[in-house]
Amino acid sequence: MLVNLNEILPAARKNNYAIGHFNTSNLEITQAIITAAEELQAPVIIGVSEKAINYAGLLQITDIIRGLAEKTRIPVVIHLDHGRDFELIKECIKAGFTSVMIDGSYLNFKENLNLTKRVVDYAHTKNISVEAEIGRLGGVEDGINSEKNIYTEPEEAEIFAETTGCDALAIAIGTSHGAYKFKGKPRLRTDILKEIADRVKIPLVLHGASGVKPKWVNYANRFGAKIEKTSGVPDRLIKQAIKNGIAKINVDTDIRITFTAGIREFLVKNPMEFDPRKILEHSRKMISRVVKEKITLFGSANKV
């Protein structure tokens, strides 16, 4: 069933678990996400980026997600990920999205606040939830590009949330977009997170938390990929972030690597196969495994 963020995130924050946001761009990935969530009886957020919309088509990708979501009893949110254009946000709402993110983190504080409030005022008249972002994550992923991290200021986060009326707030505490690379040991600014959680009562969101576990990178590379090994955010830090106020966690890179690994493995083991349904079925099953791992880690299994 289709819901917005306000129907699932407040309970997650109150009860110290997080709900997974998993990005999709096609039928098979969407099927894998919903199948995994159904098996674990977990609410789920399916994210669609601007690049995914450009790839699949707005109405086409929306129809795929809505068609699957309306047939399941688990709560499913269709969420625009990192929307930067107000007109696109309006188009997504018209198409059937139940939630949107307005990412004004590339703007100065006042401009970000004004843009976010404009989106919130519009979306709330349509019963659409709004995620915003303050602070900036480093890294590159799906058109999101920043050379450095800019940590979220707790006082600014409090003013921003109260003034804009947004429903969830993404913050920068040390993660990075894309295949995460650390210099030295990974570290999240839990001190910043704790202070923000004390000041901001709406659900908090963690972007750039890709685990990119070595086993999946190694798996893909065994079958011809040349994916650079990275040091992802370890599970213990994810659990620590959830304990201290994070209620929504975005996952994208892990899914892409797994999708690639599945296709490569199947074609290496079945070089005579040319049926795309069989090839993609293998990747779909592997993605479901990863999504279930994340749901279990986030603590949202059996929370329907």
Got at least one residue in region 97-116 being touching an Asp or Glu at 6+ places or on another chain (Cβ under 9 Å), assigned to a strand (DSSP E or B) and not β-branched (Val, Ile, Thr)? yes
Among residues of region 59-91 being among the basic types (Lys, Arg) and part of a helix (DSSP H, G or I), the residue farthest from Ala301 (Cα to Cα) is Lys90
Can you run down the residue pairs with Cβ atoms below 6 Å, 6 or more apart or on separate chains, where the first is in region 28-44 and under 21 Å from Thr62 (Cβ atoms) and the partner is buried (at least 24 other Cβ atoms within 10 Å of the Cβ) and polar (S, T, N, Q)? Thr30/Thr24
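From the residues in region 170-193 that are among the basic types (Lys, Arg) and at pLDDT below 85, which one is surrounded by the most Cβ atoms within 10 Å (Cβ to Cβ)?
Per the criteria, the residue is Lys181.
When you look at Asn270, is it surrounded by fewer than 22 Cβ atoms within 10 Å (Cβ to Cβ), modelled with pLDDT of 90 or more and over 23 Å from the mean Cα position of the chain (by Cα), yes or no? Give the derivation first.
Values: surrounded by fewer than 22 Cβ atoms within 10 Å (Cβ to Cβ): yes; modelled with pLDDT of 90 or more: yes; over 23 Å from the mean Cα position of the chain (by Cα): yes.
Yes: the conditions hold for Asn270.
Yes or no, residue by residue, for (1) out of contact with any His (no Cβ under 9 Å at 6 or more places or on another chain); (2) assigned to a helix (DSSP H, G or I); (3) among the polar types (S, T, N, Q):
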| residue | (1), (2), (3) |
| --- | --- |
| Ile257 | yes, yes, no |
| Ile263 | no, yes, no |
| Phe274 | yes, no, no |
| Ser288 | yes, yes, yes |
| Thr296 | yes, yes, yes |
| Asn302 | yes, no, yes |
Surrounded by fewer than 16 Cβ atoms within 10 Å (Cβ to Cβ) and among the acidic types (Asp, Glu): is that true of Glu50 in this structure? no
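The values are calculated or read from the model by the stated rules, or taken from the named source; none is laboratory data. Keep in mind that this is a model prediction, so the values were computed, not measured. Because the Cβ atoms are built from the backbone with ideal geometry, glycine has one as well, and the counts that use them run over all protein chains shown.
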